[in-house]
Amino acid sequence: MTHTPATPAPFSRIKIRTGALVFCGDDVALIRRDRADSTHYTPPVEDGEDLTAALSRELAEELGLDTARAEGGDLMWTVDQRVTRPGPTPPPRKLHLIYRFHISPGLRATLAEQERDELPDGSFEVGVIEWIDYRKAAELPIFPPIGPALAALASPRAAVTDAALDAVTDANYTWV
């Protein structure tokens, strides 16, 4: 008798993704990704491996930032994602852990202006690193959708009283 593995149910697997908001004064680094039919922004993010190592490696790869030269690194927000995506694979549930760092203008001047993500076919998607006044983040299509919470901060160093942001589901989010 042959056993065929059952297809996992949607959201039955969980991936943990680390991301970072890197501030220089009132500006925050976001990666702008231009696609044929849309533009969206993301903080630098990574999943897999040890969370601290993944975060450090991703910031080094995407921004050219050595986290040892930055101030902070504390967990700022968590976002629980349960959104259906197009394609044959059942979507995983993703838990986004968003950390906060602060850097000096001198360090900012040394960082990358673009990042390259390798695609499965060996080509690359190029993202542009933009430094945006955090108070304007609510106006941007950012994923995970942290823009309104980011724009609502009293300052880039303001204390966060509730680290759990609203869950992202099919009921409140549509892929662009």
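The values are calculated or read from the model by the stated rules, or taken from the named source; none is laboratory data. Note that the structure is a prediction, hence the values are computed from the model and not measured. Please note: Cβ atoms are built from the backbone with ideal geometry, for glycine as well, and neighbour counts cover all protein chains shown. For the accessible areas, the whole protein counts, side chains as well, though only heavy atoms, and no ligand, DNA or RNA atoms are used. Shrake-Rupley method; radii C 1.70, N 1.55, O 1.52, S 1.80 Å.
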The extension gain from LEU119 to THR169, computed as 0.36 nm times the residue separation minus the Cα-Cα distance, is 15.4 nm
So the FRET efficiency between ASP50 and ALA112, C-beta based with R0 = 25 Å and rounded to 0.05, is 0.60
Prolate/oblate/rounded label for region 126-170 (Cα gyration tensor, a/c 1.5): oblate
With axes computed from alpha carbons, what is the tilt in degrees of helix 51-63 against the longest principal axis of the chain, rounded to the nearest 10 within 0 to 90? 70 degrees
Taking only Cα atoms of region 19-92, the Rg to Rh ratio with Kirkwood Rh works out at 1.00
Counting only C-alpha contacts under 8 Å and six or more residues apart, can you give the relative contact order of region 113-172 as a whole percent? 21 percent
For the chain, what does -39500 (n - 2.57) per DSSP helix run (n ≥ 4), summed and divided by total residues, give at 222 nm, in deg cm²/dmol to the nearest 500? -3000 deg cm²/dmol
Compute the convex hull volume of the Cα atoms of region 76-176, divide it by the residue count, and report the result per residue in Å³ as a whole number. 131 Å³
Taking Cα pairs under 8 Å and at least six residues apart, what relative contact order does the chain come out at, in percent? 29 percent
Accessible-area composition of the chain, carbon plus sulfur, in percent [1.4 Å probe]: 52 percent
Hey, what D do you get for region 77-126 in µm²/s if you plug the Kirkwood alpha-carbon radius into Stokes-Einstein at 25 °C and 0.890 mPa s? 165 µm²/s
At 1.4 Å probe radius, can you tell me the per residue accessible area of region 25-176 in Å²? 53 Å²
